[in-house]
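K.L.:
Handing you this structure, nothing more for now.
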Amino acid sequence: MTSAADEDPAPEAGLRDRKKLATRARIHREAVALALTHGVDGVTVEGIATAADVAPRTFFNYFATKEDAFVGSDPATAERLAAAVVARPAAEGALTAVRHVLLDHLAALEADEEIWRMRRELAVREPALAARLAG
């Protein structure tokens, strides 16, 4: 599951990467907000793009479908998490390294309480998205 949320850039991430993550998060937040207001079927990619202040083409640079934007998952998250595990101290066991990385990642996700509230509400309203939102 991702959201702006799902965006947990490493502290050393460059400006370009941070801007991309911010854009992805903004598109996701606007998609969820629109879905809560108009229902999933009442939302278009063009409407999401307009609300997020991006072009529809830019939307598709971040998400393949509007449903993906509602869920907000970032395919690069797994790669970032794996890199963070590898970057942990060598003396740390694998389980401990994974635990630390996942706890840090979850804490970053949890930091945006509003998007979590919105996503929970969307999951209740749209059962077809619930499993993906919980993923």
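K.L.:
Just to be sure I understand, how many residues within the range 30-61 are under 20 Å from Pro127 (Cα atoms), hydroxyl-bearing (Ser, Thr, Tyr) and part of a helix (DSSP H, G or I)?
P.N.:
Here is the first cut: in the range 30-61, the residues under 20 Å from Pro127 (Cα atoms) are 30-44.
Subsequent filtering for residues that are hydroxyl-bearing (Ser, Thr, Tyr) retains 37, 44.
Next, only the ones that are part of a helix (DSSP H, G or I) stay: 37.
Residues flagged as under 20 Å from Pro127 (Cα atoms), hydroxyl-bearing (Ser, Thr, Tyr) and part of a helix (DSSP H, G or I) within the range 30-61 amount to 1.
K.L.:
Inside the range 13-29, can you point out the residues that are hydrophobic (A, V, I, L, M, F, W, C) and within 25 Å of Arg125 (Cα to Cα)? Spell out how you get there, then give the answer.
P.N.:
First pass over the range 13-29, keeping only residues hydrophobic (A, V, I, L, M, F, W, C): 13, 15, 21-22, 25, 27.
Residues satisfying the conditions are Ala25, Ile27.
K.L.:
If Ile48 satisfies all but one of (1) at pLDDT 95 or above; (2) closer than 23 Å to Leu129 by Cβ; (3) open to solvent by 70 Å² or more (accessible area, probe 1.4 Å), what's the number of the condition it fails?
P.N.:
(3)
K.L.:
Which residue out of Thr23, Thr65 is open to solvent by 40 Å² or more (accessible area, probe 1.4 Å) and modelled with pLDDT of 90 or more?
P.N.:
Numbers: Thr23 fails: open to solvent by 40 Å² or more (accessible area, probe 1.4 Å).
Going through Thr23, Thr65 in turn, the sole match is Thr65.
K.L.:
Ok, one more. Here are some residues: Phe70, Phe59. Which one is buried (at least 16 other Cβ atoms within 10 Å of the Cβ), modelled with pLDDT of 95 or more, out of contact with any Asp or Glu (no Cβ under 7 Å at 6 or more places or on another chain) and among the hydrophobic types (A, V, I, L, M, F, W, C)? Reasoning before the result, please.
P.N.:
Details: Phe70 fails: modelled with pLDDT of 95 or more.
On inspection, the qualifying residue turns out to be Phe59.
K.L.:
While we're on this one: Answer with yes or no whether Ala131 is at pLDDT below 85 and among the small types (Gly, Ala, Ser).
P.N.:
On the way: at pLDDT below 85: yes; among the small types (Gly, Ala, Ser): yes.
Criteria met by Ala131.
K.L.:
Let me ask you something else. Out of all the residues in the range 12-43, which are on the phi > 0 side of the Ramachandran plot and either of a type in the set (Ser, Thr, Tyr) or in contact with an Asp or Glu (Cβ under 7 Å, 6 or more places away or on another chain) (or both)?
P.N.:
Start the filter on the range 12-43 by keeping residues that are on the phi > 0 side of the Ramachandran plot, which leaves 39.
Correct list: empty.
K.L.:
Hey, Asp74 hits all of (1) in a helix (DSSP H, G or I); (2) under 13 Å from the mean Cα position of the chain (by Cα) but one; which does it fall short on?
P.N.:
(1)
The values are calculated or read from the model by the stated rules, or taken from the named source; none is laboratory data. These figures come from a predicted structure and were not determined experimentally. Methodologically, a virtual Cβ is constructed for each residue, glycine included, from the backbone with ideal geometry; neighbour enumeration extends over all protein chains shown. With ligands, DNA and RNA removed, areas are computed over all heavy atoms of the protein, side chains included. Shrake-Rupley method; radii C 1.70, N 1.55, O 1.52, S 1.80 Å.
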